[in-house]
Amino acid sequence: AGVIENVNNPDETRLTKGLRRIQHINDINQIRKLLSLLKDEYLSPNDIAIDGITRRQLLMMNFCIWGKETKFDREQDGLLRLKEKPTLCRELVQLLDYNLNKISNIAPDIDLPFNCLMTLHANYTTDEILSALGHYSKDYHPQLREGVFHIKSIKTDIFLVTLSKTDGDYSPTTMYEDYAISETLFHWQSQSTTSTDSPTGKRYIEHHQNNHTILLFVRENKSKNDLSVPYYFLGPVDYVSHSGNKPINFIWQLRYSMPAKLYRKTARAVVC
């Protein structure tokens with residue numbers, strides 16, 4: 001459009017896709033941290049004193065911007081390589097500034113028995129979720145193909161729920177019945193092979209007495225505009241009841257009420 005001079009570098013195509021992938025970001029703490037690093041003119045390759053929290057935040061950014069196929073020796077190297085492209089770096093800063101100014105609600109602090117970098121009710125991709133929880137690293141990031149995952153190191157299970165399931169994306173055995181009963185109650189169905197007397201089933205049912213955490217993430221659709229849709233982070237849930245076997249039908253109590261906007265979407269999904 002002639003607004004800025006033409007960009008021509010080997011990373012242009014990759015970064016252009018990355019800017020699309022990161023446009024969902026709406027975590028106020030994450031945005032502010034990235035902006036401080038992106039706007040720091042004095043950050044150089046010798047600045048290696050990055051704490052664990054910043055390292056995870058940069059890993060989350062690298063997966064969005066660069067993708068898993070790009071390898072870096074250090075998490076900050078992705079940031080430094082990005083800053084070598086000032087035009088695209090400025091575009092990312094403008095995008096983050098725009099998203100920051102759109103955030104109108106401040107989410108309550110979340111109480112978890114481990115360090116969690118995610119903000120309640122913000123949106124995250126699967127890669128960001130597993131990076132934020134310390135399971136992914138720059139050298140270890142296997143593909144997650146299921147909607148449940150057990151992170152033994154922090155005694156946590158994560159449930160990744162897609163509300164609108166289509167035959168083209170899901171097999172009959174994975175068309176689970178997941179929906180909100182109210183703003184604080186959620187009906188969730190386990191995988192079809194999970195029984196009540198299996199280690200997994202018992203871990204879900206007895207999670208509270210075993211000090212085990214279960215985190216719920218929900219999205220309306222799997223993809224939109226050729227991009228994977230990120231999940232809403234709904235926080236920890238507590239066991240209420242269960243019925244059935246292979247699969248097990250659970251009712252979970254949300255410790256923090258679901259946003260009204262998301263509840264309306266889940267209610268419509270149930271009616272349809």
Taking a ≥ b ≥ c as the square roots of the Cα gyration tensor eigenvalues, with a/c under 1.5 meaning rounded and otherwise prolate when a/b beats b/c, else oblate, which class fits region 195-272? prolate
Between R264 and L144, what FRET efficiency comes out of the Förster formula 1/(1 + (r/R0)^6) with R0 = 45 Å and r the beta carbon distance, rounded to 0.05? 0.95
Where does helix 260-271 land angle-wise versus the long Cα axis of the chain, in degrees 0 to 90, nearest 10? 50
If each DSSP helix of 4+ residues adds -39,500 (n - 2.57) and the sum is divided by the residues in the chain, what number results at 222 nm, nearest 500 deg cm²/dmol? -9500 deg cm²/dmol
Protein accessible area in the chain, 1.4 Å probe - carbon and sulfur %: 48
Set K33/K155; K71/K138; K71/K155; K224/K265 screened for pairs whose C-alpha atoms are more than 18 Å apart: K33/K155; K71/K155
Can you tell me the dipole magnitude for the chain around its Cα centre, using point charges on the Cβ only (Lys, Arg +1; Asp, Glu -1), in Debye to the nearest 20? 300
Would you tally the net charge around W252, using a Cβ to Cβ cut-off of less than 15 Å, leaving W252 out, and scoring K and R as +1, D and E as -1? -4
How many Å² of accessible area per residue for the chain, probe 1.4 Å? 53
If you filter region 12-118 for chymotrypsin sites (Phe, Trp or Tyr not before Pro), then keep DSSP loop positions with at most 15 other Cβ within 10 Å, what is left? Y42, F114
Return one number: the angle in degrees, 0 to 90 and rounded to the nearest 10, between the long axis of the Cα atoms of helix 86-102 and the longest principal axis of the Cα atoms of the chain. 40
May I ask you to compute the full-extension gain from R32 to T87, defined as 0.36 nm times their residue separation minus their alpha-carbon distance, rounded to one decimal in nm? 17.8 nm
Classify region 29-156 as rounded, prolate or oblate, taking a ≥ b ≥ c as the square roots of the eigenvalues of its Cα gyration tensor: rounded when a/c is under 1.5, otherwise prolate if a/b is larger than b/c and oblate if not. oblate
Helix 12-21 sits off the longest principal axis of the Cα atoms of the chain, rounded to the nearest 10 on a 0 to 90 degree scale, by 40
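The values are calculated or read from the model by the stated rules, or taken from the named source; none is laboratory data. Computed from a predicted model, the values in this text were never measured in an experiment. As a convention, Cβ positions derive from the backbone with ideal geometry for all residues, glycine included, and neighbour counts pool all protein chains shown. Note: areas computed on protein heavy atoms with side chains; ligands, DNA, RNA excluded. Shrake-Rupley method; radii C 1.70, N 1.55, O 1.52, S 1.80 Å.
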